[in-house]
Amino acid sequence: MFDLDRFIADLRATLLERSRQPMKEVVARAISEPAALVRGIGEPDKAGVQVLYKSPELTVLNLLWAPRQITLPHDHRMSAVIGMYAGREDNMFWRRIHGANKFQIEAAGGEALGAGDVALLGPDIVHSVINPLNRISAAIHVYDGNFLEIERSMWNAETLAEEPLDINAVVQGMAVLGNRID
């Protein structure tokens, strides 16, 4: 049975490790039993972000991607572990390059994550995400810092120029898809 308090305690214990591999292993255990996880945190029935835990050292989110949802390229500025427990999340990775007075990006690979997959993203990763399915995809996202309050960047879809992350633009993008963020 999934126990959220135990899960958070196990994640917090990994923060003392130099590597984020132990954090990845904790997430892998949690998503290995998706039915138990869903009983513990709720059925993924609508798109949105559920904050499971937040502190200065750790943020844990239950991220529910809308059908066919796409995000702009963005960074995290901290390590992240993504554990898919339902559906799929296709990540496109980007490399920073110097453009005219700003950092721009160029494509640098990708990785498709399906249910049961876990990915570790370093603090310098820039990625964009798509849920290619016609149903909600669900993942646990764990960050080794206060992800919700750090200044981050996103990149313009047309020019690929770096801009400050604008959460209102992200929310509007969700609204265009006919979904809400709770």
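Of note:
- Residue among L4, L15, L37 that alone is out of contact with any strand residue (DSSP E or B) (no Cβ under 7 Å at 6 or more places or on another chain) and aliphatic (A, V, I, L, M): L15
- Flag if T59 is more than 24 Å from I136 (Cβ to Cβ), β-branched (V, I, T) and either in contact (Cβ under 8 Å) with a residue 40 or more places away in the chain or surrounded by 12 or more Cβ atoms within 10 Å (Cβ to Cβ) (or both): no
- When we screen M92, M84, M78 for residues that are part of a loop (DSSP other than H, G, I, E, B) and within 13 Å of the chain's Cα centre (by Cα), the only hit is M78.
- The set of residues from the range 27-55 being in a helix (DSSP H, G or I) and either in contact (Cβ under 8 Å) with a residue 24 or more places away in the chain or over 19 Å from the mean Cα position of the chain (by Cα) (or both) comprises V27, A28, A30, I31, P34, A35, A36, L37, V38, R39, G40, I41.
- On the stretch given as the range 85-138, residues that are of a type in the set (V, I, T) and surrounded by fewer than 18 Cβ atoms within 10 Å (Cβ to Cβ) total 1.
Results for (1) within 28 Å of T159 (Cβ to Cβ); (2) at pLDDT 95 or above; (3) over 18 Å from the mean Cα position of the chain (by Cα), shown as yes or no for each residue.
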{"residue": "A107", "(1), (2), (3)": "yes, no, yes"}
{"residue": "A115", "(1), (2), (3)": "no, yes, no"}
{"residue": "A119", "(1), (2), (3)": "yes, yes, no"}
{"residue": "G122", "(1), (2), (3)": "yes, no, no"}
{"residue": "S128", "(1), (2), (3)": "yes, no, no"}
{"residue": "L133", "(1), (2), (3)": "no, yes, no"}
{"residue": "S137", "(1), (2), (3)": "no, yes, no"}
{"residue": "I140", "(1), (2), (3)": "no, yes, no"}
{"residue": "Y143", "(1), (2), (3)": "yes, yes, no"}
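The values are calculated or read from the model by the stated rules, or taken from the named source; none is laboratory data. Since the structure is predicted, the reported quantities are computational estimates derived from the model, not experimental observations. Every residue, glycine as well, gets a Cβ built from its backbone with ideal geometry; the counts of neighbours run over all protein chains shown.
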